[in-house]
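What follows is a short report on a single structure.
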Amino acid sequence: MDEQTLLTDGLLAMGLHLSDAQQKQLLAYVHLLMKWNSTYNLTALREADRIISHHVLDSLSILSFIQDGKTLLDVGSGGGTPGILVAIARPNVSITLMDSNSKKTAFLRQAIVELGLDAEVITGRVESLQNRSFDYITARAFAELSDFTQLTRHLLAPQGSWIAMKGVYPYEELAQLSDDIEVNGVETVAVPQIDAQRHIVLMSMKKA
């Protein structure tokens, strides 16, 4: 099955309707990641079909939890998952990508230019980022939930929410959250072409 069919079928199975131009951007991202990966080791995946399933479609599984017109911080963005993919699919969301690895942020900046995206890239540790506020803070394989929320709580808008991407149901991580964190839901998501569990943990600060 060719790349376009894999992507189109995957989007259809997820109920996502993206324009032809957006789908071209998604595939351009796949090829750009593969090109840079040989030098910068951005992902362990080497084949386009696995990048489409395990990076592109997996990242897009959070779209239903993100509203247009909001701000989003992607912590530990790495090769741009999920931030770059969300930027393609939700151009009306203001997206900031952050990673402490300068090689990865160099790739992110190049991807933004080549894909024609409007997004910000910051090199550094998230705890050093100050005087900013985001409606959504997301992470994929960045840290355990307690560390993720602790390191980024100063950046969460008053009515904001954390969106954490996890594999198996994170029972132990949920139990270790601090008492002032509200778990708003743990959603099971089915990602086409991935034979593994996927969960999205939605959290916010408890109201005083």
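Nothing in this text is a laboratory measurement; each read-out follows from the coordinates by a stated rule. Everything numeric here is computed off the predicted structure, so don't read it as measured data. Cβ: placed from backbone, ideal geometry, glycine included. Neighbour counts: every protein chain shown.
What does the charge dipole of the chain about its Cα centre add up to, to the nearest 20 debye, if the Cβ of each Lys and Arg holds +1 and the Cβ of each Asp and Glu holds -1?
Rounded to the nearest 20 debye, it is 440 debye.
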_Computed E for MET1/GLN197 - FRET, C-beta separation, R0 25 angstrom, nearest 0.05_ = 0.55
*Helix-derived [θ] at 222 nm for the chain: sum -39500 (n - 2.57) over DSSP H runs of at least 4, divide by residue count, nearest 500?*
-10000 deg cm²/dmol
*Of ALA111, LEU145, VAL56, which is farthest on the positive side of the dipole of the chain, counting Cα position, with +1 on Lys and Arg Cβ, -1 on Asp and Glu Cβ, and the Cα centre as origin?*
ALA111
*Could you tell me the largest-minus-smallest coordinate of the C-alpha atoms of region 104-190 on each of the three principal axes, in descending order and whole angstroms?*
41, 34, 21
